[in-house]
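Here's the structure, in structure tokens; my notes come after.
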Amino acid sequence: MNWFYLIVFVALNATVLRSAPAKESIEIDSIQKAWDQVTSYQAEFKQVVKSKTLGTQEESEGRFFVVKPGKLRWETADGNQTQILNGNEFWQLRQSKRRKQTQVDHYSDISSLVDLRSLTFLSGKINLKKSYKYKVLKDDSASVFLALSPLAGGGETILAEILKPSYLLGALKMESPESETRIDFKNIQTNVSLKDSLFTYQPSPQDTVNHHQR
């Protein structure tokens, strides 16, 4: 059993990132090796979403499960919301206790939906050098702070804290012009056996299903 915490912060301008020197490349290789050794994991989470436009804040707690690459199930402790990612297919379920029914949004292809990048990041087999321009902002005996900017463009820069000596990750924060999302993880278990049924969903006749095109 391995335990890790993931902290990812967003918001640096990609133009400040430059080519990494040899020491940074060695750090990236160590992080990559640790990440590649994790084929599945599960954890508890606490999520805080702040709306910059409305000035509101929403908090939720729950659990999530991952089988890499591309399978993720995210469910809140109150049972009101569940998100299921399986490859490019995505299901979002919202429980209406008053109406005793489930509101379902189904996407057959989420490859162009940037607001789900945190889920695809967590569920992916990430190749840091091929996917990101990177820079080590701080490196000490306890952790490494990285700035990651997507090479493909179209996404915000990520700041990541990677804890030593495991070289694994610890909490997640994503930011857009409209909102800021921070997710803290605890009790994470890696390389666990997870049932494939966690990553599928079959709507019931009582569900209200909205199918969305790409």
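Before moving on, here are some points about what is shown:
- Straight Cα distances below 17 angstrom link residue 130 to the lysines 33, with same-chain residues fewer than 8 positions distant left out.
- Couplings for the stretch 100-111, taken from phi via the Karplus curve 6.51 cos²θ - 1.76 cosθ + 1.60 with θ = phi - 60°, read 6, 9, 10, 8, 10, 10, 10, 10, 6, 8, 9, 4 Hz in order; Gly and Pro are left as x.
- Candidates 48, 66, 136, ranked by Gaussian network fluctuation over the chain, Cα under 10 Å, top entry: 48
- 0 to 90° range, to nearest 10: angle between helix 22-36 axis and the chain longest Cα axis: 30
- The chain, dipole about Cα centre (Lys/Arg Cβ +1, Asp/Glu Cβ -1), debye to the nearest 20: 160
- For the stretch 169-180, Karplus couplings with θ = phi - 60° (6.51, -1.76, 1.60), whole Hz, Gly/Pro x: 9, x, 7, 10, 9, 10, 9, 9, x, 9, 8, 9
- Relative contact order (%) - the chain, alpha-carbon pairs under 8 angstrom, separation at least six: 34
- Structure remark: mean-square fluctuation, Gaussian network model of the chain, C-alpha springs under 10 Å; the largest value among 185, 121, 90 belongs to 121.
- Two-decimal Rg/Rh across the chain, once Rg and the Kirkwood Rh are taken from alpha-carbon atoms: 0.98
- Rounded Å value of the spacing that divides the Cα centres of the stretch 35-54 and the stretch 125-179: 14
- Residue among 69, 150, 177 with the largest mean-square fluctuation in a Gaussian network model of the chain, springs linking Cα atoms under 10 Å: 177
- Only DSSP H runs of four or more residues enter the estimate; each adds -39500 (n - 2.57), and after division by the residues of the chain the mean residue ellipticity at 222 nm equals -3500 deg cm²/dmol.
- For the stretch 149-195, the set of GluC sites (Glu not before Pro) satisfying both a DSSP loop assignment and a count of at most 11 other C-beta atoms within 10 Å is given as 178.
- The fewest-to-most ranking of 130, 71 by surrounding Cβ atoms within 10 Å reads 130, 71.
- Aspartates and glutamates with Cα under 16 Å of residue 71, excluding same-chain neighbours fewer than 8 positions away: 36, 89, 109, 196
Laboratory data are not the source of any read-out in this text; all were calculated from the coordinates shown. Remember, predicted model here, so these are calculated numbers, not experimental data. When we count neighbours, we look across all protein chains shown, and the Cβ atoms used for this are built from the backbone with ideal geometry, even at glycine.
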